[in-house]
Amino acid sequence: MKNQSRRSFIKTSFGGAVGLTLLPGIIPARLLGADAPGKKIQVAQIGCGRMGRSDLGNVLAQPLARVVAVCDLDSRRLAAGKKMAEEFYRERGEAKAGVKAFSDYHEVLASPEIDAVVVTVPDHSHALVAVEAAIAGKHLYVQKPVTYSIVEAMGLRRAVHAKKVILQTGSQQRSEYPWKSFRIASEMVRNGRIGRLKTIKIGIGLDQPSGHKPEPMPVPANLDFERWLGPAPEQAYMERHVHPQDSLEGRPGWITTEDFGLGMITNWGAHHVDIAQWAMGQELGGPLTVDAHADFMTDDAWTVHTTYHVEMQYPNNVQVILDNRFETGLRFEGDEGWVFCTRTEEKITASDPNMAAGREPLPPLRVSDPKILSPLAGSATRWAPSSYHHLNWLEGILANRQPIAPVDQSARSLEACAAAWISMKLKRKLTWDAATERFVGDDEANALRGRKARKPEYDFQVALKKAGLA
């Protein structure tokens, strides 16, 4: 089918079904036949590394979707992604399960058969790939943080609105599975169960130096490093700045290299600050002031911050504090009690803090008084249903409605985290105006809201201009 006719078909065929509780494996046969992949949302996975394989697996599991293509700049990862998707379908009984493989995402965006893309590339390329995908009319699932910089988030939001596509951010703590503690805690805070909210204490873990000095290396034959580098500053290849060549699951070094990612403040900060703003009703707002201090890695292959202390003042006199000494998670403190939420005490990534030695594991949801968790009633604020995060996105596409983590809100979460990073770099307190998305009377800080792309072909602003959206 042509792209437009496919979308009309999708809306017509499934529009009346989105009110159902659509869980994996429980889609009525009259809506989705197992032998009718053409009737599903056609999805391409862009980025087949560690998180890309996670996203790919989550989309494959959804009967509403059909993965028809994978894309990666590393030929080894591309082959592994293709194999993963094809083996999934073969295990479901498809003898000839064909999944296309692309090394250039532009070919994905040019394909009329593809309705939606999952963008799981390094942070520094989020904006470029996602903006161009939105301009091409593709629906988007974009890993968090939604972009690398504040200016990029603003540009992506503009493209999404202009092209009327559905974007879900990978802020999966907003969905019930597998960590519903965040939804419960933030809903209770939003409904005044701990009284007037006074303080939110957030722990986001700690990155440690690699212990290796910067050492340029030959570029491996399987990696297109020029395009991988994309908008980032020109530099020599280092495996510790990209991703491990001997592993698909190893934590990539770009996460800990400032040219490509800003460290834990946007890595896990994007998750937890997002929940904090959701709970206090600032999901479309932001802090009033930001005062952040941090140590940075020096004479090391990695360059992001290590220890940190951040204080952000929000409207209604709410103070948000991030500190590397806090337990990973969020502690909401009010004048009538507190509630704490986290994922689990298992280590999610290598950078997570260890559980205190010799201590029994604690539950992911804890309160000062059990009454705080009593059922909501009447006109209480309740979050929209969202069982599985990727499913919520697919349902949003079918119903033409915003998902649980839309770009308007994820852009604001990124802005708060990036503002903290800017304060860290400048080593001083900053005043932020959420209405204008600028720092007040501070040209130096405002200059750090974005950066110039290395070449015009990697500049998301150029893509916006060509589309008439600058």
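Every number in this text was worked out from the coordinates using simple rules, so none of it is lab data. None of these values were measured; they are calculated from a predicted model. Don't worry about glycine lacking a Cβ; one is built from the backbone with ideal geometry, like all the others, and counts go over all protein chains shown.
Miscellaneous remarks
- Positive contributions from Lys and Arg (+1) and negative ones from Asp and Glu (-1), summed over other residues with Cβ under 14 Å from the Cβ of ALA159, come out at +3.
- Cα gyration tensor shape for the stretch 362-470, rounded if a/c is under 1.5, else prolate or oblate: oblate
- Note on the stretch 144-255: with charges restricted to the Cβ of Lys and Arg (+1) and Asp and Glu (-1), its dipole about the Cα centre is near 1160 debye.
- In terms of packing, defined here as the mean over residues of other Cβ atoms within 10 angstrom, the peptides 238-244, 258-264 line up highest first as 258-264, 238-244.
- Label point of LYS452 set 7 angstrom out along Cα-Cβ; within the stretch 217-257, amide nitrogens under 20 Å from it belong to 229-236.
- Local electrostatic count at ASN316 - Lys and Arg +1, Asp and Glu -1, tallied over other residues with Cβ under 13 Å: +2
- Estimated dipole of the chain in Debye, rounded to 20 [Cβ of Lys and Arg +1, of Asp and Glu -1, Cα centre]: 1600 debye
- Positive-end residue of SER175, HIS212, VAL310, charge dipole of the chain with Cβ unit charges: SER175
- Extension gain for the segment HIS161 to SER75, taken as residue separation times 0.36 nm less the Cα-Cα distance, is 27.6 nm to one decimal.
- Panel order for TRP179, TRP393, by other beta carbons found within 10 Å of each beta carbon, from fewest to most: TRP179, TRP393.
- Within the chain, antiparallel bridges make up roughly 55 percent of the DSSP beta bridges whose residues both belong there.
- Net charge contributed by nearby residues that have their C-beta within less than 12 Å of ASP369 (K/R +1, D/E -1): +2
- The charge dipole of the stretch 202-346, taken about the Cα centre with unit charges on the Cβ atoms of Lys, Arg (+1) and Asp, Glu (-1), comes to about 100 debye, rounded to the nearest 20.
- DSSP H segments from the chain that extend 18 Å or more along their own axis, Cα-based, with Kyte-Doolittle mean of 0.0 or above: 150-163, 407-426
- Comparing LEU197, PRO403, TRP228 along the charge dipole axis of the chain, the residue lying farthest to the positive side is PRO403, per the Cβ-charge model.
- Relative packing of 74-87, 161-174, 92-105, 220-233, which averages over residues the other C-beta atoms within 10 Å, highest first: 161-174, 74-87, 220-233, 92-105
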